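Every number here is computed from the coordinates shown, using simple stated rules; none is lab data. Given the structure is predicted, the values throughout are model-derived calculations rather than measurements. Every residue, glycine among them, receives a Cβ derived from its backbone with ideal geometry; neighbour counts consider all protein chains shown.
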Amino acid sequence: GTFAFSQTGPKFGIKAGMNVSSISKDQNLSDTKSKVGFNAGGGLNAPISTTLSLQPEVIYNDLGSKVTFGNDHKNSYSTNLGYIA
């Protein structure tokens, strides 16, 4: 269901959250561990008419993976990938 309401002008907003991501070279994902990252951004809700509005957003996502190696699993490195969507 939907409902309509009146807006007098553009409204700005922000959003933030958490990502959990991993990158693997095989299907069972046994070679990497998950990496916790964040996302943050903002948007605009700009009414064009009483029944239509545009909502552009820009969000930064911090993604990647963490790999441990060696017999004692004490050696590790992280891959950090930043995306703007």
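Identification of strands (runs of 3 or more DSSP E) wholly contained in the range 29-85 with 1 or more residues that are acidic (Asp, Glu) and under 15 Å from Lys15 (Cα atoms) yields 57-69.
Of all the residues in the range 47-85, those that are surrounded by 10 or more Cβ atoms within 10 Å (Cβ to Cβ) and over 23 Å from the mean Cα position of the chain (by Cα) number 7. Within the range 48-76, residues that are under 25 Å from Met18 (Cβ atoms) sit with their Cβ atoms under 6 Å from residues that are among the β-branched types (Val, Ile, Thr), at 6+ positions apart or across chains, in these pairs: Tyr60/Ile84; Gly64/Thr79; Ser65/Ile23; Ser65/Thr32; Ser65/Thr79; Val67/Thr32; Ser76/Thr68.
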